[in-house]
Each structure stands twice: as structure tokens, then as C-alpha cells.
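Report on the structure given below.
The values are calculated or read from the model by the stated rules, or taken from the named source; none is laboratory data. Just so we're clear, the structure is a prediction, and the values are computed from it rather than from any experiment. Cβ sites come from the backbone with ideal geometry, for glycine too, and all protein chains shown count toward neighbours.
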């Protein structure tokens, strides 16, 4: 279930209780943890802080620190997995999940109150409850009404099986569309900053922490040489611009300067070379000896899209690794919180990448 009021339904529930705080390693989670620690310090809330990096570490941390703990706060971890099924907690334990990894696990969304997701992203197209769960799911399809006999009983059995198969196909389609992509929602640090404002505990440290947690994606010029050359030189060699301005003609440079003037670009700044380091100028570092040879038996590929539309800038391929591993019969470890990172044996890397290429083609 989702928390409607972040102050009353979440923070006020922690007052006077000991809290288990499980925090992921990423920057957003660390900044969020800093804000929550300041809030807990102001209101004298005792807590146990444990950093976690994967699902196995999350399970171990909970098993080792769940004594006399009724409230567990998870920061950037636990939102994409079924917490009740994996952790097997007591019925009176409540989990508050503040996770920017999306999509949220459907069992956490429709939990009866034991798992409470603090923030709901408007971009999440969560399927309806009746489309995913059925009350008669455990009932036998071969047991229709007792008053039916003969042909009517057989027709009822066939109709019930047909309806159940159609529902399962519709459910599979909805779940595939919901889980096929993984992406990042609103940063957890920004949500924690809103909590600090609601609790009248906002300070400069909280603002800086939220600023560090926020990730902004902006459009860049579609000019490949812009990062290495000056703006004027990059535009003069751009394929998309050269035919339009007829830069090959004698009046081409004049048209280019006129375009820069219309754009409001100063001549000095347009001719200034970019300060971004070139790839050839970056120092090359050798890997440590322990990472080479027989010691390197596993590898961790990370899937990152090369080009995405503006509406899906934060979208990553979530289920691609799992499907590629299934089709290629490669044993992979999906222990990471970020679903775009897996671990597989180095000997099966080529086989896995071939299956992944065929899947994404």
C-alpha cells in the first residue's frame, strides 16, 4: 500500500519506537540516510543503521537485527522485490519502503499494510488488483456447481477453463508490460526533504543532501564533435548543418557566423575550445593482478541504452538480462538491487551476450 500522508502515516509512526534502517550504497540512498538521521536525532528516535548492497545482504541484515524491531525503513532497496516472501517477517512488523528504483513490486503495492511504500510515482502504470489477483485462484476448475449434470456440467468446466486461461494470458501481458523496463523515479532524497519540511526540521544540511541526491538529465547538442572542439568548429563540420547552410560555398562561413549571432552566441565563447578531456588524453590504468587470469571467474555486465526518447530518458532494460539468461541457459545471479546489473561466469559471457543481442535486435 502507498502512504498518503508522509508525516502522519510514516514519520509519526516511528516516534517512540526503535527503527531498523536499511540503506543501499548509492549516492541517493546515502543522502537520504543523512536527512533521516538528522530527523531521528532531533526527535530522539533510536535506530540501527545497516548498509546493504544486494538482496542476500538485505535478508542477512534483517535476520541479524530484527529482535524487538517493529518498524523497518528501507532506503533504495526492497521496493522491487516481494519483501514478505523473502524476509518472512512477523505479522506485526511494518516495512516502510522509500525506493527510487522502479517499478515497485506488485505484492508491495497491494500489501494489506505490512509493506507501505512512501512515495507513489505518477508514471507507474500499476495494474488493477482484480487483473492480477483472483479470489478463486485456489479453486479447482473441474468442480462446477453440483446441480449441473451431464452435458451442462462439461460445458461449465470448459467455459471455466477458457475464462481462466484468458485471465492468465491477460495477467501475463499486464505483468510483462509493467516489469519489462526498469527505471528511476523521484529521488529518495527529495522525498526525505519534503518530510523534513513537513516536520519543520529543514536546514541547510538537508538542502545540500537533497541537491546531491537529485539527478537531472538534460538535452545536449546533437553534434558529435561538440565535446572536443569549439562550437564554431563543431558546427562547421556537422553533417546535418553543412548542406543546409551550404558551408562548402564561399559564403558558408558568413552564414555560420550569422546563425551564431542569431542564436545569441558570443564570438569569443564560440571559438573557445571545450575543456572536456579527450579519451586519448585520459590516463590508462592497469587492472590489479587479482582481476586477471584464473582469479576473474565472474563478470558483472551493466546494461545501459545508447539512445532513448526524451519521454523515457530514465528507462533501462529491466527484464532483458533475465530473459537472455533463460534462453541461453546461463546461470546468472540477480542479487543486485539494481536490476540492470547481474553476475555471470566469465566462461559463459559470450553465450550470454549473443542471446542478449538477439533479444534486443
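Which one of 238, 279 is assigned to a loop (DSSP other than H, G, I, E, B), surrounded by 10 or more Cβ atoms within 10 Å (Cβ to Cβ), modelled with pLDDT under 80 and not assigned by TED's automatic domain parsing to the domain that holds residue 191? Write out each step before concluding.
Values: 279 fails: surrounded by 10 or more Cβ atoms within 10 Å (Cβ to Cβ).
Exactly one of 238, 279 is assigned to a loop (DSSP other than H, G, I, E, B), surrounded by 10 or more Cβ atoms within 10 Å (Cβ to Cβ), modelled with pLDDT under 80 and not assigned by TED's automatic domain parsing to the domain that holds residue 191, namely 238.
Would you please name the residue that is surrounded by the most Cβ atoms within 10 Å (Cβ to Cβ), looking only at residues in the stretch 165-208 that are over 23 Å from the mean Cα position of the chain (by Cα) and within 22 Å of residue 130 (Cα to Cα)?
167
Would you check if residue 31 is within 22 Å of the chain's Cα centre (by Cα) and in a loop (DSSP other than H, G, I, E, B)? Can you show your working first?
Numbers: within 22 Å of the chain's Cα centre (by Cα): yes; in a loop (DSSP other than H, G, I, E, B): no.
Considered against the rule, which asks whether it is within 22 Å of the chain's Cα centre (by Cα) and in a loop (DSSP other than H, G, I, E, B), residue 31 comes out as no.
Restricting attention to the stretch 211-220, does a residue exist that is within 28 Å of residue 340 (Cβ to Cβ) and at pLDDT 80 or above?
Looking only at the stretch 211-220, we keep the residues that are within 28 Å of residue 340 (Cβ to Cβ), and these are 211-220.
In the following step, the residues that additionally are at pLDDT 80 or above were identified as 211.
Yes; the residues of the stretch 211-220 include at least one that is within 28 Å of residue 340 (Cβ to Cβ) and at pLDDT 80 or above.
Among the listed residues 60, 173, 151, which satisfies the condition of being more than 23 Å from residue 10 (Cβ to Cβ) and at pLDDT 90 or above?
Numbers: 173 fails: at pLDDT 90 or above; 151 fails: at pLDDT 90 or above.
Every option except 60 fails the conditions.
Answer yes or no as to whether residue 124 is in contact with a strand residue (DSSP E or B) (Cβ under 8 Å, 6 or more places away or on another chain), part of a loop (DSSP other than H, G, I, E, B) and farther than 21 Å from residue 27 by Cα. Step through it out loud before you land on a result.
Working: in contact with a strand residue (DSSP E or B) (Cβ under 8 Å, 6 or more places away or on another chain): yes; part of a loop (DSSP other than H, G, I, E, B): yes; farther than 21 Å from residue 27 by Cα: yes.
Spelling it out, residue 124 is indeed in contact with a strand residue (DSSP E or B) (Cβ under 8 Å, 6 or more places away or on another chain), part of a loop (DSSP other than H, G, I, E, B) and farther than 21 Å from residue 27 by Cα.
Being out of contact with any strand residue (DSSP E or B) (no Cβ under 8 Å at 6 or more places or on another chain), in a helix (DSSP H, G or I) and within 22 Å of residue 213 (Cα to Cα), is that true of even one residue in the stretch 12-20?
Scanning the stretch 12-20, I find no residue that is out of contact with any strand residue (DSSP E or B) (no Cβ under 8 Å at 6 or more places or on another chain), in a helix (DSSP H, G or I) and within 22 Å of residue 213 (Cα to Cα), so the answer is no.
Return yes when residue 12 is farther than 23 Å from residue 206 by Cα and surrounded by fewer than 23 Cβ atoms within 10 Å (Cβ to Cβ) and no when it is not.
Numbers: farther than 23 Å from residue 206 by Cα: no; surrounded by fewer than 23 Cβ atoms within 10 Å (Cβ to Cβ): yes.
Answer is no for this residue.
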